[in-house]
Amino acid sequence: MIVFDLRCSGGHIFEAWFGSSAAYESQRAGGLLACPICGDAGVEKAVMAPNVAAKGNRRPELATSQKPGAAEPTPELVKAVLAKIAEAQAATLEKSEWVGGSFATRARAMHDGDEASALIHGQATPQEARELVEDGVSVMPLLVPFVPPEKRN
Ligand SMILES: [Zn+2]
């Protein structure tokens, strides 16, 4: 696999993977390449050397995906993404029972089969959370801060 940094005529820079240099050429000639940001098909290689990645050997470093000139996420975009996450979390929690401080006990009871499995959310101390994870109980931290029902006005 070869990764190329491509640039559209609008100046967006993005990364694309190809099986070979020839595959890139034929896709470009066939008009199959388009900018993922604006859809522009006037795509060319950006003036950076391509990286040849060893197949499946290692994951590309996170830092290498930050291209100079690539659009930085704007605060608005970050806010929108966080709002989406909060929305998804809220939708999940609607189907979930708030169990407050008895979360660890309930989660463990479900894990041990002493209680019917259900979706619950609640509070656990860092110590409790660690023990649950160590014991293989499937728990995950909420992604956005959650206000317990009794603390809402
Ligand atoms: Zn573009």
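The values are calculated or read from the model by the stated rules, or taken from the named source; none is laboratory data. These numbers were taken from a predicted model, which means no experiment stands behind them. Cβ sites come from the backbone with ideal geometry, for glycine too, and all protein chains shown count toward neighbours.
Within the range 77-133, take every residue that is basic (K, R) and at pLDDT below 90 and give me the one that is farthest from V147 (Cα to Cα).
R130
Consider the range 19-59. How many of its residues are modelled with pLDDT under 85, under 13 Å from F4 (Cβ atoms) and loosely packed, with under 13 Cβ neighbours inside 10 Å?
Final tally of qualifying residues: 3.
Taking the condition of being within 23 Å of the chain's Cα centre (by Cα) and either exposed (fewer than 14 other Cβ atoms within 10 Å of the Cβ) or of a type in the set (K, R) (or both), how many residues in the range 97-129 meet it?
Qualifying residue count, the range 97-129: 1.
Pairs please, first residue from the range 7-23 and over 10 Å from V43 (Cα atoms), second anywhere and of a type in the set (D, E) and in a strand (DSSP E or B), Cβ atoms under 7 Å, 6+ apart in sequence or on different chains.
Short answer, once both residue conditions are applied: E15/D5.
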